[in-house]
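Working notes, structure below.
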Amino acid sequence: MAAAMGEEAPEHGPTRFDTYKKKYSGYRTAVEIDVGEDSISYEDFDAAVTKSTYSMNRNDVVKGTVVQYDKGGAVVDIGAKSSAFLPVAESALIQPAGSNIETLVNLDDEVDVQIISEEDENGQLLVSVRRIQYRAAWDTIAARQALDGIFEAEVVDVNRGGAICLVEGLRAFLPGSHLTGMLATEELIGTFLPLKFLEVNQEDNKLVVSNRKAVVEQQMTDLSRGDLVQGAVKALKPYGAFVEVGGMSGLLHISQISYDRIDDLEAVFQVGDMVKCMIIDHDKVNGRIALSTKTLENEPGDMIKDKAKVFEMAEETAAKYHERMEAERKAREEAAKDIVLGLGDSLDDLGMDDDDDSDDPLAEVSDDLDSVLG
C-alpha cells in the first residue's frame, strides 16, 4: 500500500483553459471607425433598394427578358424583387392551334409586357404580351378604316349568323347577308376573303366586316357603260326587276326591258331567271348599276316574244350596238365641228376694214360738231 502510495501520479495533457490562457495576449481596445453623417442602417439600405428597383404598378408597360420556361408559361425578368410570370394565355394575341409557350416566346428575348396583377405573397407579378398586341391591333384597324381600303382575312369559324374572320388577331363578324356567292358553311373555314369594314367600335369590342362590299368595289372598278353582264333575277317590283350581278344589285327598269310596252312583268321574268343585260349607268360609290335588255333587241318586242333568242345573240347584238353608238358619236362630233367652222366663216364675213373712215361710227358725229362750232 505504501509502495503504491509512494508512486508518482501520471502526467496529463494541457486543459482547454491552459490552451486559451496560452493564446490570450491581453485586453484589446475596440477600433472605432468614423463613417460620418452618410452612414445608413440595414433597414434604410433595404428600403432604398426596394424603392430603386421596384416602383411598378398594375397596367404599367415595362421591358423584360424571358429567362426560362415554366409550367403553364414563362418567367420574365423585369427588374423587380422577383421575376414576373407570363401565362401562356397572355403570351400572344394570335395563338395558332397546337402552339405552346415554347413556340410563342423565345428564351433571352427582350419583350414589352404589361403588369396585370398585384404582387403575390412571394413578390411575383403576372404580366401580359397579349394585351399590348390587342391595343396595337385596334390602332391598326382604325388606321385601315380611315383609308377605307380592301383587305384580306382568314375565316376561322362559322355560325348560324355568318362567319368569323381573323383581322389583325381580332375576331371580326361577317354577316351571312354580306357574303357574295357563298354560304357560311364549314367549307369556308381556312379560306381568305376580300373584306371591307362595316363597323369598328373598340369601346364595345365590336368589329363587323363585309365581303359583298369589297367584291362590289373590285368589280365596279372594272365595269363601264355598255358592258354586257350576266346575272340572276332576285326580285320583281312594279317598276322593274332587281338582278344580282357578281354580288351587285342592278336595276332593270321596266322601261329598259323592251322597246315595246310591258303590261305584265311576270309574263317576261320570274325570280331565279338568268338574264343577260347591258350596263347603261353605274354608281361606283354606292355600288349600284342600271341595266337594259332592250339594247339587245334586234327588233322592238323581241324580249317579249323570244327572250331566249335575245340572250343567245346578246354578244353579237351588243357588238353591233357599240358600233352604232360609235358611229353616232363620230357623226355628232363632225356635226359639231361643222357648226364651229360655219360660225368662223360668218365672223370672217363681218370683218371690218381699218382704212375705211365710214366704218368709224363717230366720224359723222365729229363732222356735225365741227359744222356747229364753225
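Of note, LYS276 satisfies the criterion of being among the basic types (Lys, Arg) and in contact with a Leu (Cβ under 8 Å, 6 or more places away or on another chain).
Scanning region 78-91 for residues that are open to solvent by 40 Å² or more (accessible area, probe 1.4 Å) and under 13 Å from SER128 (Cα atoms) gives VAL88, ALA89.
Among the residues of region 121-145, which ones are open to solvent by 60 Å² or more (accessible area, probe 1.4 Å) and more than 27 Å from ALA172 (Cα to Cα)? Once the filter is applied, which keeps residues that are open to solvent by 60 Å² or more (accessible area, probe 1.4 Å) and more than 27 Å from ALA172 (Cα to Cα), region 121-145 yields GLU121, ASN122, GLN124, LEU126. If you check PHE192, PHE173 for being more than 28 Å from LYS276 (Cβ to Cβ), of a type in the set (Phe, Trp, Tyr), out of contact with any His (no Cβ under 7 Å at 6 or more places or on another chain) and open to solvent by 80 Å² or more (accessible area, probe 1.4 Å), only one passes: PHE192.
Residue pairs whose Cβ atoms lie under 7 Å apart, separated by 6 or more positions or on different chains, with the first residue in region 45-71 and under 11 Å from LYS81 (Cα atoms) and open to solvent by 60 Å² or more (accessible area, probe 1.4 Å) and the second at pLDDT below 60 and hydrophobic (A, V, I, L, M, F, W, C), do not occur. Can you pull out every residue in region 184-211 that is closer than 18 Å to ALA172 by Cβ, over 16 Å from the mean Cα position of the chain (by Cα) and either of a type in the set (A, V, I, L, M, F, W, C) or in a helix (DSSP H, G or I) (or both)? ALA184, LEU188, ILE189, listed by residue number.
Would you confirm whether or not region 216-233 contains a residue that is in contact with a Lys or Arg (Cβ under 6 Å, 6 or more places away or on another chain) and farther than 30 Å from ASP139 by Cα? Scanning region 216-233, I find at least one residue that is in contact with a Lys or Arg (Cβ under 6 Å, 6 or more places away or on another chain) and farther than 30 Å from ASP139 by Cα, so the answer is yes.
Here GLY162 does not qualify as among the small types (Gly, Ala, Ser) and open to solvent by 20 Å² or more (accessible area, probe 1.4 Å).
Restricting the search to region 245-261, which residues are surrounded by fewer than 17 Cβ atoms within 10 Å (Cβ to Cβ) and over 25 Å from ALA319 (Cβ atoms)? Result: SER249, ARG261.
Filtering region 209-228 to residues that are of a type in the set (A, V, I, L, M, F, W, C) and open to solvent by 20 Å² or more (accessible area, probe 1.4 Å) leaves VAL215, LEU223, LEU228. Looking across region 176-189 at every residue that is surrounded by fewer than 17 Cβ atoms within 10 Å (Cβ to Cβ) and among the hydroxyl-bearing types (Ser, Thr, Tyr), the one that is farthest from GLN218 (Cα to Cα) is identified as THR185. Checking MET278, MET303, MET313 one by one, the residue that is surrounded by 13 or more Cβ atoms within 10 Å (Cβ to Cβ), farther than 21 Å from LEU236 by Cβ and either of a type in the set (Asp, Glu) or at pLDDT 90 or above (or both) is MET313 and no other.
For region 62-112, the set of residues classified as of a type in the set (S, T, N, Q) and not in a loop (DSSP other than H, G, I, E, B) consists of THR65, GLN68, THR103, listed by residue number.
Residue-by-condition table, conditions (1) farther than 25 Å from SER249 by Cβ; (2) modelled with pLDDT under 85; (3) open to solvent by less than 60 Å² (accessible area, probe 1.4 Å); (4) not acidic (Asp, Glu):
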residue	(1), (2), (3), (4)
VAL268	no, no, yes, yes
GLY272	no, no, yes, yes
VAL285	no, yes, no, yes
LYS294	no, no, yes, yes
THR317	no, no, yes, yes
ARG332	yes, no, no, yes
ILE339	yes, yes, no, yes
ASP353	yes, yes, no, no
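Residue pairs whose Cβ atoms lie under 8 Å apart, sitting 6 or more positions apart in sequence or on different chains, and linking a residue in region 261-285 that is closer than 19 Å to VAL215 by Cα to a partner that is surrounded by 12 or more Cβ atoms within 10 Å (Cβ to Cβ) and of a type in the set (Val, Ile, Thr), are ILE279/VAL229; ILE279/ILE289; ASP281/ILE289; HIS282/ILE289; ASP283/ILE289. Of the residues making up region 242-299, those that are under 20 Å from TYR321 (Cα atoms), in a helix (DSSP H, G or I) and not hydrophobic (A, V, I, L, M, F, W, C) are SER255, GLN256, LYS294, THR295. Exactly one residue out of GLU152, GLU168 is surrounded by 17 or more Cβ atoms within 10 Å (Cβ to Cβ), within 23 Å of the chain's Cα centre (by Cα) and in contact (Cβ under 8 Å) with a residue 12 or more places away in the chain, and it is GLU168.
The values are calculated or read from the model by the stated rules, or taken from the named source; none is laboratory data. This structure is a prediction, so every number in the text was calculated from the model and none was measured. Because the Cβ atoms are built from the backbone with ideal geometry, glycine has one as well, and the counts that use them run over all protein chains shown. Surface accessibility is based on the protein's heavy atoms, side chains included, excluding ligands, DNA and RNA. Shrake-Rupley method; radii C 1.70, N 1.55, O 1.52, S 1.80 Å.
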